[in-house]
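Notes to accompany the following structure.
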Amino acid sequence: MKDVAAFIEKGRTIYGYPHFINDAGGSICVLDDPEPIDVLCRHTVILYIRADESMETELIARQRRSPKPLYYQAPFLDQQLGEYLRESGLDAIEAIDPDEFTRWIFPRLVAHRRPCYESIAARCGYTVSAREAEAVRDEDDFMELVGAALARHEEAA
């Protein structure tokens, strides 16, 4: 993320790309180092894609069907591990089934990250609904989505 400006420039000069899309991923909001977000704020348009309740439910169901590795901030993880051990009646972290833990923690992680995303968007980004993003089919749709987010922001200011 700290090199995003260089990648944008390379995309333009080497490949002739007029636009650069950077999917930073959900973990960006919980990095302990603020510099990556500061760099993104200076060089990109940050879009927070906000899921509605039904979409969050689907994301959680998808994660439960097919758990994937996730990044956790240490304080959050420590708190959740203690809670999981108590609820599961386990005595040691080594006894945890990683997939079961991931299924258990994911809804909590979603709730934990939501205010982080909202804070970034409020400081230097824009918000679009996941339903709006889901409707994007091509470059024109994407540009319209970004334009609508910018316009809403200007109207609210």
Take the alpha carbon atoms of the range 23-56, find their center, do the same for the range 66-122, and report the distance between the two centers in whole angstrom.
19 Å
Tell me which chymotrypsin sites (Phe, Trp or Tyr not before Pro) from the range 1-95 have a DSSP coil assignment and no more than 14 other beta carbons within 10 Å of their own.
Tyr15, Tyr71
Quote the relative contact order of the chain in percent (integer), defining contacts as alpha-carbon pairs under 8 Å separated by 6+ residues.
29 percent
Helix 139-156 sits at what angle to the longest principal axis of the chain, using alpha carbons and giving 0 to 90 degrees rounded to 10?
90 degrees
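Per residue, how much space in cubic angstrom lies within the convex hull of the C-alpha atoms of the range 29-106?
Each residue corresponds to 117 Å³ of Cα convex hull volume.
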Inter-probe distance in nm under a simple model that places probes 7 Å from Cα toward Cβ, at Arg108 and Arg12:
4.5 nm
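What is the extension gain from Met143 to Ala95, computed as 0.36 nm multiplied by their sequence separation minus the C-alpha to C-alpha distance, in nm to one decimal?
In short, 12.4 nm is gained.
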Could you tell me what a quarter of the Cα convex hull surface of the chain works out to, in nm² with one decimal place?
11.4 nm²
With labels modelled as points extended 7 Å from the Cα through the Cβ direction, what inter-label distance (nm, one decimal) is found for Ala156 paired with Thr57?
2.5 nm
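Only the coordinates and a few stated rules stand behind these numbers; no lab work does. Just so it is clear, the model here is predicted, and its values are computed rather than measured. Here the Cβ is made from the backbone with ideal geometry for all residues, glycine too, and neighbour counts use every protein chain on show.
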